[in-house]
Amino acid sequence: MPGAEQLDRLTKREKQVLFWIVEGKTNGDIGRILGISHRTVEKHCESIFRKLGIENRYAAIVCALTNNWQLAPE
């Protein structure tokens, strides 16, 4: 399971996207919130999953909650 060192590998924008994933938002929702396209959100998700060594948004949620990562929308 990824830990704090993997979280440090994420960019600020990827951390924002991860925050909204944990909040249960869809890619479309996240795009509207951040002012980017849903396709750009998908690319950020792919990068997050690759950097964390996971395969999907559910695993990302588990990682964030299990590790008590302090994520913020900004």
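All of the numbers you see were taken from the coordinates with simple rules; none came from a lab. Note that the coordinates shown come from a computational prediction; the quantities given were computed from them, not determined experimentally. Positions of Cβ are backbone-derived with ideal geometry, glycine not excepted, and every protein chain shown enters the neighbour counts.
First obtain the Kirkwood hydrodynamic radius of the stretch 4-66 from its Cα pairs, then insert it into the Stokes-Einstein equation at 25 °C and 0.890 mPa s, and state the resulting D in µm² per second as a whole number.
Taking Rh from Cα pairs, D becomes 215 µm²/s.
In nm, what is the difference between 0.36 nm times the number of residues separating residue 32 and residue 5 and their Cα-Cα distance?
Gain on extension, residue 32 to residue 5, equals 6.8 nm.
Lys and Arg at +1, Asp and Glu at -1: add these up for the other residues within a Cβ distance under 11 Å of residue 22 and post the number.
Net of charged neighbours comes to +2.
As a check on your grasp of the helix formula, calculate [θ] at 222 nm for the chain: sum -39500 (n - 2.57) over DSSP H runs of n ≥ 4, divide by the residue count, round to the nearest 500.
It lands at -19000 deg cm²/dmol.
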